[in-house]
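The values are calculated or read from the model by the stated rules, or taken from the named source; none is laboratory data. Worth saying up front: this structure is predicted, and the values here are computed from it rather than measured. Here the Cβ positions follow ideal geometry from the backbone for every residue, glycine too, while neighbour counts run over all protein chains shown.
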Amino acid sequence: MIAPVSNAAQSTIQVQTAAARQTPVSAQPQAGPTDTVQLSGIKAVLQEASETSAQTTKEAFGGDIQAMRLLAKEAANQAK
């Protein structure tokens, strides 16, 4: 009976040393993907409504289609 107990103790030691050898390749944390925030419908409408014309112009030159349409609509209204 002594032999199985010592074998069990030896296998436990082997398992523990095998687990200790498994170390991560990189100790530094990796940068994960970033999350973007999507505004709900009403909140987005309120934000767009309270936006200044300077912000709209800046967004239009940055490629924002909605801002481009708004500027075109305002220019058409001023031309009338």
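Residues that are modelled with pLDDT of 75 or more, in contact with a helix residue (DSSP H, G or I) (Cβ under 9 Å, 6 or more places away or on another chain) and surrounded by 10 or more Cβ atoms within 10 Å (Cβ to Cβ) occur in region 27-48; there is at least one.
Selection of region 59-80 for residues being in a loop (DSSP other than H, G, I, E, B) and farther than 15 Å from Glu48 by Cα yields Gly62, Gly63, Lys80.
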